[in-house]
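Student: Would you mind keeping the following structure in view while I ask a few things?
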Amino acid sequence: MHSSDLKNLTIAVIGAGYGGAAAAKALSLLGAKVNVYEQASQIREVGAGIGLRPSSMDQFRQWGIFDAIAKVSSASDYFEILSATGHPIMKDEWPGMEEYAVKTHTHLIHRGDFIEALVGVLPEGMVHLGHKLARIEDRGDRAVATFANGVTIEADLIVGADGIKSTVREQLFSNQQPVFAGEHAYRAVVDVDDAHGLVVDDNLRMYVGRGTKVYVLPLRHRGQMSFDVTALRTDSSWSPQPSKDDLMAMVEGFDERIVATAGDLDMSKVNVRAVYDIDPVDTWHSDSVALLGDAAHSMCHHQGQGANSAILDAGGLADALREAASVKEALALYQATRKPVTDELQRISRQGWSEDEINDVFPGQKPAAQQPQS
Ligand SMILES: Cc1cc2nc3c(=O)[nH]c(=O)nc-3n(C[C@H](O)[C@H](O)[C@H](O)COP(=O)(O)OP(=O)(O)OC[C@H]3O[C@@H](n4cnc5c(N)ncnc54)[C@H](O)[C@@H]3O)c2cc1C
């Protein structure tokens, strides 16, 4: 679209998570008038770390916000997979580091710092808190959103970045519900001094036991590490309430530093959630509404690609609007570019465990969101 058309475009983004905030940044750089509507009264994230891949960091460079993100993260060279007791299985450079004019690392970041930095680069007044989307309608060349607080807005384009339980997806594109992956994820942030020597550099390590994976993600710029335990479990309630004994059973037989770290955790500060994803959604867009991030393609976290995909969606949507002749054409181009990539990531991320591990926990009744490793 011509830059004069882009400047006249009004865009509403539903949700101020990583996907919504990134979309707001990318789309406002086109010159469009962007507003973000977030249901929460405060922007918050759970205490845990994630890895921002080179492709995401390059996107931030293109948007002029690389330094804002780099300031609150640590550059990492590689990731390593080890057995439960610490025997090396695989060690590899983060893919994509050499693909850009400047070597671009993966950056390890605390989720709270990341959302604060992303929202912090948006112009004052762009994000409207306390706006829970209740109803969305596509009227062809315009879309209309009504919020639970009674406010109604219209825009040329509405982006549904409202997460795994997306209202936009449910009302316009698919009423399929999230799918339980048969896993629980325990996430905590631990000071390096209390990490029993687990943090030795700035690289991610995954320790793999039978039915349990432990992710050690250093956040050395904070003097901390993110300590994440993911295990196959049958309880599908979204926020299970496991005991310390449950956690200790998961890490039994692991490297003694892992057992000691788990033993020291204050369970009231550990974030525990059941892992869900969604089946691929056939269509991500209508004429003036599009899905983005987890709303479009929530996936299990084994590959660490959910937030990264949301960032790349934001870049892909902005590129499509620049290249296509109209919003309608741009949304088709956006889906054609991004969906094949995320369909594949969704598929791979369901292969986190071997058939034996799954059978141990789910004899004869494998969860739908689990395809054993081949
Ligand atoms: C245990 C675990 C570990 C993970 N580790 C990684 C990792 O290492 N790397 C990685 O890339 N990804 C990881 N992910 C995935 C990543 O967290 C998600 O993919 C990412 O948060 C998706 O961002 P999003 O903005 O699309 O959705 P969300 O972060 O869910 O944001 C959606 C926003 O929309 C708002 N919202 C929802 N409904 C409404 C409504 N009706 N009206 C208004 N606002 C609404 C919500 O309040 C929220 O702010 C992990 C996920 C889990 C569960």
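The values are calculated or read from the model by the stated rules, or taken from the named source; none is laboratory data. Keep in mind that this is a model prediction, so the values were computed, not measured. In this analysis, Cβ positions are derived from the backbone assuming ideal geometry, glycine residues included, and neighbour counts consider all displayed protein chains. Quick note on the areas: whole protein, heavy atoms, side chains included, nothing else; ligands and nucleic acids left out. Shrake-Rupley method; radii C 1.70, N 1.55, O 1.52, S 1.80 Å.
Student: Across the range 329-374, which residue is most open to solvent (accessible area, probe 1.4 Å) among those that are over 22 Å from LYS213 (Cβ atoms) and charged (D, E, K, R)?
Tutor: Looking at residues that are over 22 Å from LYS213 (Cβ atoms) and charged (D, E, K, R), I get GLU329.
Student: Hey, could you check the range 157-177 for residues that are open to solvent by 30 Å² or more (accessible area, probe 1.4 Å) and not polar (S, T, N, Q) and say which is farthest from the ligand (Cβ to nearest atom)?
Tutor: Ranking the candidates gives PHE173 first.
Student: Moving on to the next point. If we scan the range 323-332, do we find a residue that is assigned by TED's automatic domain parsing to the domain that holds ILE164 and either part of a strand (DSSP E or B) or closer than 21 Å to ARG53 by Cβ (or both)?
Tutor: Taking every residue of the range 323-332 in turn, none turns out to be assigned by TED's automatic domain parsing to the domain that holds ILE164 and either part of a strand (DSSP E or B) or closer than 21 Å to ARG53 by Cβ (or both).
For every residue, the table says whether it meets (1) of a type in the set (Ser, Thr, Tyr); (2) under 28 Å from VAL272 (Cα atoms).
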residue: PRO54; (1), (2): no, no
residue: ASP58; (1), (2): no, no
residue: ARG61; (1), (2): no, no
residue: PHE66; (1), (2): no, no
residue: VAL72; (1), (2): no, yes
residue: ASP77; (1), (2): no, no
residue: THR85; (1), (2): yes, yes
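Student: For the range 7-23, give me the residue count where each residue is within 7 Å of the ligand (Cβ to nearest atom) and part of a strand (DSSP E or B).
Tutor: 1
Student: Name the residue that is nearest to VAL168 (Cα to Cα), counting only residues in the range 108-135 that are within 12 Å of the ligand (Cβ to nearest atom), in a loop (DSSP other than H, G, I, E, B) and open to solvent by less than 50 Å² (accessible area, probe 1.4 Å).
Tutor: HIS131
Student: Just a yes or no: is a residue in the range 236-256 of a type in the set (A, V, I, L, M), in the same structural domain as SER298 (by TED's automatic domain parsing), over 25 Å from the mean Cα position of the chain (by Cα) and modelled with pLDDT of 95 or more? First the steps, then the outcome.
Tutor: Taking the range 236-256 and keeping what is of a type in the set (A, V, I, L, M), we get 247-251.
Add one more test, that the residue is in the same structural domain as SER298 (by TED's automatic domain parsing), and what stays is none.
For the range 236-256, residues of a type in the set (A, V, I, L, M), in the same structural domain as SER298 (by TED's automatic domain parsing), over 25 Å from the mean Cα position of the chain (by Cα) and modelled with pLDDT of 95 or more: absent.
Student: Still on this structure, please answer the following. Looking at the range 335-352, can you tell me whether even one residue there is of a type in the set (Gly, Ala, Ser), over 20 Å from THR234 (Cβ atoms) and in contact with a Leu (Cβ under 9 Å, 6 or more places away or on another chain)?
Tutor: No, there is no match, as no residue in the range 335-352 is of a type in the set (Gly, Ala, Ser), over 20 Å from THR234 (Cβ atoms) and in contact with a Leu (Cβ under 9 Å, 6 or more places away or on another chain).
Student: For residues in the range 42-54 being within 11 Å of the ligand (Cβ to nearest atom) and not in a strand (DSSP E or B), which is nearest to GLU98 (Cα to Cα)?
Tutor: ARG53
Student: A follow-up question, please. ALA188 passes all but one of (1) in a strand (DSSP E or B); (2) open to solvent by 10 Å² or more (accessible area, probe 1.4 Å); (3) not assigned by TED's automatic domain parsing to the domain that holds ILE311; which number fails?
Tutor: With respect to (1) in a strand (DSSP E or B); (2) open to solvent by 10 Å² or more (accessible area, probe 1.4 Å); (3) not assigned by TED's automatic domain parsing to the domain that holds ILE311, ALA188 is out only on (2).
Student: Find the residue count for the range 257-291, including only residues that are under 18 Å from the mean Cα position of the chain (by Cα), under 13 Å from TYR186 (Cβ atoms) and not β-branched (Val, Ile, Thr).
Tutor: The number of residues fulfilling the criteria is 3.
Student: Within the set of pairs 6+ apart or on separate chains, which have a first residue in the range 59-84 that is surrounded by 19 or more Cβ atoms within 10 Å (Cβ to Cβ), a second that is among the polar types (S, T, N, Q), and C-beta atoms under 7 Å apart?
Tutor: The qualifying pairs are SER76/THR106; SER76/ASN203; PHE79/ASN203.
Student: Does the range 24-41 contain any residue that is open to solvent by less than 10 Å² (accessible area, probe 1.4 Å), closer than 14 Å to LEU122 by Cα, within 10 Å of the ligand (Cβ to nearest atom) and in a helix (DSSP H, G or I)?
Tutor: Checked the range 24-41: no residue is open to solvent by less than 10 Å² (accessible area, probe 1.4 Å), closer than 14 Å to LEU122 by Cα, within 10 Å of the ligand (Cβ to nearest atom) and in a helix (DSSP H, G or I).
Student: Could you tell me whether ASP313 is charged (D, E, K, R), open to solvent by less than 30 Å² (accessible area, probe 1.4 Å) and not assigned by TED's automatic domain parsing to the domain that holds GLU183? Spell out the reasoning first.
Tutor: On the way: charged (D, E, K, R): yes; open to solvent by less than 30 Å² (accessible area, probe 1.4 Å): yes; not assigned by TED's automatic domain parsing to the domain that holds GLU183: yes.
For ASP313, the condition - charged (D, E, K, R), open to solvent by less than 30 Å² (accessible area, probe 1.4 Å) and not assigned by TED's automatic domain parsing to the domain that holds GLU183 - is met.
Student: Still on this structure: Restricting to the range 136-156, name every residue that is out of contact with any helix residue (DSSP H, G or I) (no Cβ under 6 Å at 6 or more places or on another chain), near the ligand (Cβ under 10 Å from one of its atoms) and in a strand (DSSP E or B).
Tutor: Once the filter is applied, which keeps residues that are out of contact with any helix residue (DSSP H, G or I) (no Cβ under 6 Å at 6 or more places or on another chain), near the ligand (Cβ under 10 Å from one of its atoms) and in a strand (DSSP E or B), the range 136-156 yields ALA145, PHE147.
Student: Could you tell me which numbered condition ALA296 fails, if it satisfies all but one of (1) more than 9 Å from the ligand (Cβ to nearest atom); (2) in contact (Cβ under 8 Å) with a residue 40 or more places away in the chain; (3) not assigned by TED's automatic domain parsing to the domain that holds TRP63?
Tutor: The one condition ALA296 does not meet is (1).
Student: Run ASN308 past the list (1) open to solvent by 30 Å² or more (accessible area, probe 1.4 Å); (2) in contact with a strand residue (DSSP E or B) (Cβ under 7 Å, 6 or more places away or on another chain); (3) within 16 Å of the ligand (Cβ to nearest atom) and report the number of the one that doesn't hold.
Tutor: (1)
Student: I would also like to ask the following. Could you grab me the full set of residues in the range 136-156 that are β-branched (Val, Ile, Thr) and open to solvent by less than 70 Å² (accessible area, probe 1.4 Å)?
Tutor: So in the range 136-156, the residues β-branched (Val, Ile, Thr) come out as 136, 144, 146, 151-153.
ILE136, VAL144, THR146, VAL151, ILE153 - these are the residues of the range 136-156 that are β-branched (Val, Ile, Thr) and open to solvent by less than 70 Å² (accessible area, probe 1.4 Å).
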